[in-house]
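These notes concern the structure reproduced below.
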Amino acid sequence: MAGKRRKQTFVIRLNHMIKLAALLGILFVLTIGVHQKENRLVSKINVNISSITDGKAIIKADDIFAIIESHAGFDIERASLKDFNIISLEEKLNADKRIDFANVYFGKNGNMYVDVTQRQPIVRVTVTGAEDYYLDKEGKHIPVHESSVLRLPIATGHIDTYVNEYQEQATNNINQIYSIANEIDEDPFLKSLIEQINVEEDGSFVMVPKLGRNKIILGDHLALNDKMNKLKAYYKEGIKRVGLDRFSEINLSYEGHIVGIK
């Protein structure tokens, strides 16, 4: 009986040893595989940039490659997978104000993928003695890179200083510029019509159309939707009767109607 138990115990131990050896073998193969994968050269970096309104691009693939190479500090064409810290690289990309979100990952055959969602600018702000910048759909600041200039309405004139917390400052007129630009951006007709938003010395707003010689007096930013609807009605119907340049000014600041000034 004792001999039979010893034999059973030996068989059990042998099975455990076989399983352990098999497990160690699998771990060894996996370790070798991971090591080989990490040392595999990156065969291709695929950059995918989501398009924004009108197919315009505020950031290009070359810009993404430049950011990656600057962050890596080496020739990325000779890099292996282990040379890249994905989390750190994503943080670097997301720190660029032109980028809303970036996702980096590795695929099959040593391919690296960089998916980028751009921010969407709606107006270019021109400031005397300072660098131009864009405001995006969320009202955030984006520096203008001359390599990717967009054709957008331009805000000019007596514009207050941009600060990160401007939306918390009711008196900062960038709030009103953003509201007007957003109203224009959301309407295809207004986007095709308005070229410039100017802040006058008294704080009122004047818009300049792309066609014609007239100015559009907006006044303040209150009742903005009503004013824009009156403007659209004038351009769609009124111009057929009076012509494009009948008035030098079109004043929308009066409640309920439009005043044309020759």
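Show the residues, 5+ positions off or on another chain, whose built amide H is closer than 5 Å to the amide H of Lys215.
It is Glu249, Ile250, by chain and number.
His71 to His158: extension gain in nm, 0.36 nm per residue of separation minus the Cα-Cα distance?
27.4 nm
Which FRET efficiency value, to the nearest 0.05, do you get for Asp202 and Ser148 by plugging their Cβ-Cβ distance into 1/(1 + (r/R0)^6) with R0 = 41 Å?
0.70
Treating cross-link reach as a plain straight distance, find the aspartates and glutamates whose alpha-carbon is under 16 Å from the alpha-carbon of Lys44, omitting any fewer than eight places away in the same chain.
Hits, sequence-local ones excluded: Asp62, Glu69, Asp75, Glu77, Asp83, Asp115.
Determine the alpha carbon to alpha carbon distance for each of Lys56/Lys236; Lys140/Lys236; Lys191/Lys215; Lys56/Lys140; Lys60/Lys92 and list only those over 24 Å.
Violating the 24 Å Cα-Cα cut-off are Lys56/Lys236; Lys140/Lys236.
In nm, give the distance between the simple-model label positions of Glu168 and Lys236, each being 7 Å from the Cα along the Cα-to-Cβ direction.
Placing both labels 7 Å along Cα→Cβ, they lie 4.1 nm apart.
In the stretch 118-174, if every C-alpha pair distance is counted and binned at 5 Å from zero, what percent goes to each bin?
4, 19, 31, 27, 14, 4, 1
Readers should treat all values here as calculations from the given coordinates under stated rules, not as data from a laboratory. Quick caveat, the model's predicted, so the values are computed rather than measured. Here the Cβ is made from the backbone with ideal geometry for all residues, glycine too, and neighbour counts use every protein chain on show.
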